[in-house]
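The values are calculated or read from the model by the stated rules, or taken from the named source; none is laboratory data. Given the structure is predicted, the values throughout are model-derived calculations rather than measurements. Neighbour counts run over all protein chains shown; Cβ positions are idealised from the backbone, glycine included. Just so you know, the surface numbers come from the protein's heavy atoms only, side chains and all, with ligands and any DNA or RNA stripped out. Shrake-Rupley method; radii C 1.70, N 1.55, O 1.52, S 1.80 Å.
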Amino acid sequence: MVDMKEIADAVIKGQAPKVKELVAKALSEKVSLNDILQKGLIGGMGFIGERFKKNEVYVPEVLIAARAMKAGMEIMKPLLANAGVQPLGVVVLGTVKGDLHDIGKNLVGMMLEGAGFKVIDVGIDAGPDKFINAAKDNKASVIAMSALLTTTMVAMKTAMEEFKKAGVTAKVMIGGAPLTQSYADEIGAQGYAPDAASAVDKAKQLL
Ligand code: B1M
């Protein structure tokens, strides 16, 4: 019988083929989808997230763990859809207009997926319309904007104004190296997170 801790450990170690094999075995042993997801895949990713927050592991370890988690999710996705298992919430994620940096954004996206969110990634250089349309089409609970440049972070202020005009109801969180809580307060964003693991905590708070 597969122990969910084994799946979590394989995610933590970034062993994608092993994760896939263990998830398939657990499914054949009729372990519940929820247990595989929560105690196995999300459990492992959550552990990596906490260590990342404490600077005990770095970007490469998180990327490798996320890849392993995704390998398990590939098998789970169709079954979750059939079983009607709902994601924690929908997050529309993107890097703001004029900004091409996406490594941090992608990390945030992986951690959010790892925590059970559905992530709609609108990519880089994303103007307010992209966020608005994706949020409306997918009934998003959270819009998450990333920026890495002091020259592009100001695009978040414009975006906030456009969200208001368009009647967007999703809560907004921001992040990226030049961003701060005080800038979030200034532009009326409901959340700020300094790193990808904290972004998960913040998104959960905003639900
Ligand atoms: Co650029 N770049 N870059 N760059 N680049 C920086 C950001 C810079 C600090 C380098 C420097 O001068 N020391 C500087 C910005 C200065 C400033 O404005 N303060 C800079 C510059 C100036 C530029 C160009 C203008 C250079 C030029 O052409 N003259 C140009 C701009 C292009 C554009 O966007 N229009 C440019 C271009 C590029 C590349 C394309 C070459 C490449 C990006 C490739 C890519 O992303 N696909 C690049 C890179 C790689 C960097 C550095 C070296 C690394 C950024 C990175 O990926 N870090 C960076 C210098 C540095 O940081 N050492 C630099 C790793 C990543 C995991 O961290 O993105 O901070 P980060 O994400 C973190 C947190 O910030 C947070 O979580 C992540 C994980 O913990 N986070 C969020 C991020 N988004 C979040 C969203 C959230 C919550 C948390 O909620 C929504």
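Each residue of the range 166-182 was assigned a 3J(HN,Hα) from its phi angle through the Karplus expression (A = 6.51, B = -1.76, C = 1.60, θ = phi - 60°), giving 7, x, 5, 9, 4, 6, 10, 10, 10, x, x, 3, x, 7, 9, 4, 5 Hz with x at Gly and Pro. The sum of -39500 (n - 2.57) across all DSSP H runs of n ≥ 4, divided by the residue count of the chain, sets its helix-only mean residue ellipticity at 222 nm to -16500 deg cm²/dmol. Bridgeable lysines around residue 97 (alpha carbons under 27 Å apart, same-chain partners fewer than 8 residues away excluded): 105, 118, 130, 136, 139, 157, 164, 165, 171, 202, 204. Extension gain for residue 83-residue 25 works out to 19.0 nm (0.36 nm per residue, less the C-alpha to C-alpha distance). A Cβ-based charge dipole, computed about the Cα centre of the range 90-206 with Lys and Arg at +1 and Asp and Glu at -1, lands at about 340 debye.
For residue 39, the aspartates and glutamates whose Cα comes closer than 19 Å to its Cα, not counting residues fewer than 8 places off in the same chain, are 3, 6, 9, 21, 29, 50, 74, 113, 201. Taking 7 Å steps out from each Cα toward its Cβ at residue 38 and residue 201 produces label points 2.1 nm apart.
Evaluated over the Cα positions of the range 101-191, the convex hull gives a direction-averaged projected area, one quarter of its surface, of 5.3 nm².
The residues of the range 4-83 expose, per residue, 53 Å² of accessible area to a 1.4 Å probe.
A full extension of the chain between residue 133 and residue 151 corresponds to an added length of 4.0 nm, given 0.36 nm per residue minus the alpha carbon distance. Can you give the percent of C-alpha pairs in the range 47-125 whose distance is more than 22 Å? When every Cα pair of the range 47-125 is considered, 31 percent fall beyond 22 Å.
For the range 4-83, a Kirkwood radius taken over Cα pairs fed into Stokes-Einstein (20 °C, viscosity 1.002 mPa s) yields D = 175 µm²/s.
Within the range 37-118, the GluC sites (Glu not before Pro) that combine a DSSP coil assignment with at most 13 other C-beta atoms in a 10 angstrom radius are 56. Here the accessible area is traced with a 1.4 Å probe on the protein chains. For the range 73-117, carbon and sulfur cover 61 percent of it. The tail of the calculated P(r) for the chain, taken as Cα-Cα distances beyond 31 Å, holds 21 percent of the pairs.
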